[in-house]
Amino acid sequence: MATEAGAVSPAGYITHHLQHWTVGEGFWTVNVDTVLYSTVLGVFFLFFFRMAAKTATADVPGKLQNFVEILVDFVDNSVKESFHGKDKLIAPLALTIFVWVFLWNFMDLIPVDLLPRLATWVGSIFFGADPHHVYHRVVPSADMSATFGLSMSVFLLIFVYGFRGKGAIKFSKEFLFHPFDHFLFVPFNLVLNIVEYLAKPVSLSLRLFGNLYAGELVFILIALFTLQSTEVSALTVGLGIGQFVAGLAWALFHILVITLQAFVFMTLTIVYLSMAYEDH
Amino acid sequence: MGINATMFVQMAVFAAFVWFTMKFVWPPITKAMEERQTRISEGLAAAERGTRELANAQGEKDAVLREAREQAANIVAQANARHAEIVEEAKSAAQAEADRIQAGAQAELEQQVAQAREALRAQVATLAVEGAGRVINKELDGNAHAALLDDLAAQL
């Protein structure tokens, strides 16, 4: 596992794993790995869904169409449960969030060292990069910038839907006179509502980020079992078996987590948007 | 860690993906699904209609069959009656014909009998005269033939 057996300390291994491949300085840094993987996954998702949509038929559907229809139906039902207006955006939005976030999370199930090693190899051989400075993180949802990118988009949409559903006046009124309908409470309401509104994107993205970051970290820790093994011995074999069992158990459990987190993100997005759109 | 400009890139990518899904993925799939849904409900309705029509046809068939059976029974009864009538008519016609023929035969018979009697009578008379002539020629013995002549006369 380790690049130079014995030379890599656990702390060094972990910190190396938690470094992004970046371009730029300070705030204006772009995590190239996050953008790359999330975009590739998104294109992958849209490619298959577009293929299904192109050949979609009302006759007996094929396997791909069936699969896509199950997802579309599932998302459509979730949307119809809480959002009662007519809207062309919200269901495709929810579908995109669900599948995209699921794919992001799914990257966590790929062995932690596989893609970073590959990247190190490609980087050092083809681009002459120092192998120690090839950083690669493959789980976009374990990058706060990515999860905030989603939740901030949802945050903006909350206002769009608020204005569209209730009108600017009613929406602003609600901001000032809710929950306490008295002009003396206006400042208090304002503070309360600002906190409430800000809590939505923050909780949305931090929940996803926290779960997946923790998941990634546990996989990295499991990888430490045999990190410093240099020779084949009873201990190494035992640790290897331990690593396998622990990795398997965590991965199986994680299947649940990644699906659930994608579902939660989608559902809360729908709920927030319908709350903004409809009267209480 | 922390948030950096990646967020804006992600937002742009996300917006593009959502737009693509909204334009090119969601509508065709939901359209196909809705179309299938209508087709299925139409199919179910057609099936129900078919069942109802079948029941109606069954009832109609029964009615027609019953009517046909009644008509057939009527026709058979009529035919039977007509048959009896014809037989009766034929019987009476035959009877009348037979009666007529019998009457004709009877009349002819009677006529012939009368004719024969007439002829016989004439012949008897002739025979009597001839016999008498022959007897007279040979010997006329009134006494001897008196009984014979008496008898002859009585028979006529």
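The values are calculated or read from the model by the stated rules, or taken from the named source; none is laboratory data. Every value quoted in this text rests on a predicted model; they were computed, and no experiment measured them. Positions of Cβ are generated from backbone atoms using ideal geometry, with glycine treated the same way; all protein chains shown enter the neighbour counts. Just the protein is used for accessible areas: all its heavy atoms, side chains included, with ligands, DNA and RNA removed. Shrake-Rupley method; radii C 1.70, N 1.55, O 1.52, S 1.80 Å.
Here are the numbers for this structure:
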{"read-out": "Normalised contact order of chain A, rounded percent, pairs of Cα under 8 Å and 6 or more residues apart", "value": "29"}
{"read-out": "Student exercise, region A:17-104 dipole from Lys, Arg, Asp, Glu Cβ charges, in Debye to nearest 20", "value": "200"}
{"read-out": "Options B:95, B:20, B:132, ranked by Cα towards positive dipole end of chain B, top entry (Cβ charges)", "value": "B:20"}
{"read-out": "Options A:250, A:228, A:184, ranked by Cα towards positive dipole end of region A:178-280, top entry (Cβ charges)", "value": "A:228"}
{"read-out": "Net charge dipole size for region A:12-165 [Lys, Arg +1 and Asp, Glu -1 on Cβ; Debye, nearest 20]", "value": "360"}
{"read-out": "Per-residue average of Cβ from other chains inside 10 Å of A:27-37", "value": "4"}
{"read-out": "Leading residue at positive end of dipole, region A:34-132 (Cβ point charges), from A:101, A:46, A:71", "value": "A:46"}
{"read-out": "Residue-count net charge about residue A:20 - beta-carbon cut-off 11 Å; Lys, Arg +1, Asp, Glu -1", "value": "-1"}
{"read-out": "Using alpha-carbon coordinates, inclination of helix B:142-155 to the longest axis of chain B, degrees", "value": "20"}
{"read-out": "Candidate residues A:17, A:84: accessible-area rank, largest first, probe 1.4 Å", "value": "A:84, A:17"}
{"read-out": "In Å², nearest 10: area of residue B:31 left accessible to a 1.4 Å probe", "value": "130"}
{"read-out": "Projected label distance in nm at residue B:98 and residue B:54, using a 7 Å step from Cα toward the beta-carbon", "value": "6.4"}
{"read-out": "Accessible-area value, residue B:118, 1.4 Å probe, nucleic acids and ligands omitted, Å²", "value": "110"}
{"read-out": "Taking region A:192-275 and dividing mean pair separation by its residue count, relative contact order in percent (alpha carbons under 8 Å, at least six apart)", "value": "39"}
{"read-out": "Area of residue A:64 that stays accessible when all protein chains are in place (1.4 Å probe, Å², to 10)", "value": "60"}
{"read-out": "For chain A, size of Cβ-based charge dipole, Lys and Arg +1, Asp and Glu -1, in debye", "value": "620"}
{"read-out": "Proximal charge balance of residue B:38 [Cβ under 15 Å; K/R count +1, D/E count -1]", "value": "-1"}
{"read-out": "Spatially proximal lysines relative to residue A:200 (Cα-Cα < 24 Å; intrachain offsets below 8 disregarded)", "value": "A:80, A:86, A:88, A:166, A:170, A:173"}
{"read-out": "Helical contribution to [θ] at 222 nm, DSSP H n ≥ 4, -39,500 (n - 2.57), averaged over chain B, rounded to 500", "value": "-34000 deg cm²/dmol"}
